[in-house]
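Where a number appears in this text, it was derived from the coordinates with a stated rule and is not lab data. All values reported here derive from a predicted model rather than from experimental measurement. Because the Cβ atoms are built from the backbone with ideal geometry, glycine has one as well, and the counts that use them run over all protein chains shown.
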Amino acid sequence: MKETTRLVRAGLPEPPAKLAPGAPIHSGPVLAAAFSTPSDPSQSAYTYNRFHNPTWDELEHALGTLEGGVARIFPSGMAAITAVFAALLRPGDIVVLPADSYYTTRILTREFFSAFGIETRLAPTANNAQEQVLGGTKLLWIETPSNPGMDICDIRLLADAAHKVGALVAVDNTTPTALGQQPLAFGADISVASDTKSLTGHSDLLLGHVAVQDTELNAKIDRWRTLSGSIVGPFEAWLALRSLSTLPLRLERQSQNAQIIAEFLESHRVVNAVYYPGLASHPAHALACRQMRFFGPVVSFQLANRSRAERFLAASKLLVEATSFGGITSSAERRARWCQDDVSEGFIRLSAGCEDIEDLLADLDQALTASTTA
Ligand code: PLP
């Protein structure tokens, strides 16, 4: 079966197995804190919801198949990232992060893991600069495309270099999702994502997951989840499973819209620069074409200054001004307002949704024009 068929059928039995007569086509969430566990607990498939849940299993099976590994779900992208750091890093270890990663990942190591004796080294995503600082590293953390700068690095090249020095390699794969880019197939040990974004795509839940191929690594991640209680409610897991079946439709449409928007912005007189891996002008476009199957929904671009960016956002009738990305509804925000990314005051991160592209282009055009008049 092709990937799209698997995703559309997520939660259904694998052919040739069929649903029993009278069974609901899709099962609902299993809402239980505890499961009947007479006598020896090892004889019960399920015992207590902090350890396991049938709805998690369905979602993890679908995610694992998509990733080409085994998946464990977490209540947010940051919970998934924390699970990797906590399960794998020990005092004296060094982790190499992208200097331009999603900023909370950097804050997490700076404010918490450094206190446990873990050293963080930073290097930019572009030009595979992380390769230069790998000596003595325990974990190389990659984020490609980087958020919000949309820089790209070569997963295979960096994974090979990291493995030579004995480091594990994790990729934050949030922006493209595992349908758009498969880190494990390029040699990464760990694929991590915030599924709050395109993977679930309706801007109505927080979720994350970690996928690996190695059984021992999976056991460490699983152990962290069980002991820390960093678990997903069955209802959220079920909502995610429901959303996953439309991922191929949504990601394809978002990526098509994002490409057209990026090209439109690039040719617009009011826009100073556009950052999108699907653009021929992106410095790593050739690499992105080899590594990514979809370029994803996020298009970043630069207007002259803060007031122009604010006027643009206020004038748009279709862009929801909100943080986060990957939803079916287009959104955008002025990134410098969070004071955490190294971006100019007029830098905007836009997330292309699934609306009709003609409506989006007309709206962008009028909002860009409006941005120039005080
Ligand atoms: N990784 C990336 C690249 C992100 O953009 C985000 C959130 O924006 C996260 C991780 C964290 O995800 P969550 O908000 O689901 O914890």
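Within straight-line reach of Lys220, meaning a Cα separation under 18 Å, sit the following aspartates and glutamates at least 8 residues removed in sequence or on another chain: Asp57, Glu60, Asp93, Asp189.
Taking every DSSP helix (H) stretch of at least 4 residues in the chain, weighting each as -39,500 (n - 2.57) and dividing the sum by the residue count yields a mean residue ellipticity at 222 nm of -10500 deg cm²/dmol. Rounded, prolate or oblate: which fits segment 100-247 when a ≥ b ≥ c are the square roots of the eigenvalues of the alpha-carbon gyration tensor, with rounded for a/c under 1.5 and prolate only if a/b beats b/c? Note, shape of segment 100-247 comes out prolate. A Förster radius of 22 Å, combined with the Cβ-Cβ distance separating Thr120 from Thr226, puts the computed FRET efficiency at roughly 0.25. Size descriptors for segment 3-244: radius of gyration and Dmax over Cα atoms are 18.5, 60 Å. Projected onto their three principal axes, the Cα atoms of segment 247-371 cover extents of 38, 29, 27 Å, largest first.
For Lys2, the lysines whose Cα comes closer than 19 Å to its Cα, not counting residues fewer than 8 places off in the same chain, are Lys18. So if I take the centroid of the Cα atoms in segment 1-29 and the same for segment 276-355, what is the distance between those two points in Å? Between the Cα centres of segment 1-29 and segment 276-355 lies a distance of 36 Å. Highest average first, the peptides 205-218, 351-364 ordered by how many other beta carbon atoms sit within 10 Å of their residues are 205-218, 351-364.
Cβ-Cβ distance of Glu358 and Glu14, R₀ of 51 Å, FRET efficiency by 1/(1 + (r/R0)^6): the value works out to about 0.80.
Which of the peptides 146-154, 61-69 is most tightly packed, and how do the rest follow, judged by the mean count of other Cβ atoms within 10 Å per residue?
Values: 146-154: 24.0, 61-69: 20.8.
Sorting 146-154, 61-69 by mean packing, highest first, produces 146-154, 61-69.
Taking the DSSP bridge list for the chain and keeping only pairs wholly inside it, about 60 percent are antiparallel. Along the Cα-to-C-beta direction of His202, a point sits 7 Å from the Cα; which residues of segment 1-44 have their amide N less than 13 Å from that point? Under 13 Å, as judged by backbone N against the label point of His202, lie 29 of segment 1-44. Between helix 77-88 and the chain there is an angle of about 60 degrees, using the helix long axis and the longest principal axis of the Cα atoms.
Highest average first, the peptides 253-259, 269-275 ordered by how many other beta carbon atoms sit within 10 Å of their residues are 253-259, 269-275. Put a dot 7 Å past the Cα of Lys164, heading toward its Cβ, do the same for Phe112, and the two dots end up 3.4 nm apart.
Take the Cβ-Cβ distance between Cys339 and Gln132 as r, set R0 to 25 Å, and report the resulting FRET efficiency rounded to the nearest 0.05.
The pair Cys339/Gln132 has a calculated efficiency of 0.35.
Annotation for Ala23 and Ser324: the two label points, set 7 Å from Cα along the Cα-Cβ direction, are 3.3 nm apart.
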